[in-house]
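The values are calculated or read from the model by the stated rules, or taken from the named source; none is laboratory data. Just so it is clear, the model here is predicted, and its values are computed rather than measured. Glycine also receives a Cβ, built like all others from the backbone with ideal geometry; neighbour counts cover every protein chain displayed.
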Amino acid sequence: MYGLIAKLTVVPGKRAELVHILSASAVSMPGCFSYVVAEDPSDENILWVTETWESRTAHDASLQLRAVQQAIPLAKNLITSFERIAETRPVWSAERGE
């Protein structure tokens with residue numbers, strides 16, 4: 001498996017808009033086990049994205065999906081900084097259906 005944790009700094013006042021863009025584009029991505037978008041509770045301009053994939057190849061292929069390609073320019077206009085915090089190798093996950 002392949003995991004990725006990213007920190008996105010968002011244009012002030014645009015965090016909810018970016019959440020919508022990310023969540024809409026992340027539906028039905030082949031090979032994606034989990035795609036979590038979380039608000040930072042101490043900074044209203046920060047989002048955390050935590051992803052779990054069957055492989056890095058599946059992650060890289062997702063960047064070519066139509067929904068993702070359409071979301072990229074919209075998201076770029078709202079993101080002031082993108083930090084790839086960590087690549088991980090997930091070894092266990094509990095599915096809760098949330």
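Filter the stretch 4-18 down to the residues that are crowded, with 16+ Cβ neighbours inside 10 Å and in a helix (DSSP H, G or I) and list them by number. Across the stretch 4-18, the qualifying residues are 15, 18. The number of residues in the stretch 24-65 that are assigned to a helix (DSSP H, G or I) and either closer than 26 Å to residue 91 by Cβ or acidic (Asp, Glu) (or both) comes to 7.
A quick yes/no check of all residues on (1) closer than 17 Å to residue 6 by Cα; (2) in contact with a helix residue (DSSP H, G or I) (Cβ under 8 Å, 6 or more places away or on another chain); (3) of a type in the set (Val, Ile, Thr); (4) at pLDDT below 95:
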{"position": "40", "(1), (2), (3), (4)": "yes, no, no, no"}
{"position": "43", "(1), (2), (3), (4)": "yes, no, no, no"}
{"position": "48", "(1), (2), (3), (4)": "yes, no, no, no"}
{"position": "67", "(1), (2), (3), (4)": "no, yes, no, yes"}
{"position": "80", "(1), (2), (3), (4)": "yes, no, yes, no"}
{"position": "97", "(1), (2), (3), (4)": "no, no, no, yes"}
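To keep it simple, each residue is scored yes or no on (1) hydrophobic (A, V, I, L, M, F, W, C); (2) in contact with an Asp or Glu (Cβ under 6 Å, 6 or more places away or on another chain); (3) touching a residue at least 24 places away in the same chain (Cβ under 8 Å).
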residue	(1), (2), (3)
36	yes, no, no
39	no, no, yes
51	no, no, yes
54	no, no, yes
72	yes, no, no
75	yes, no, yes
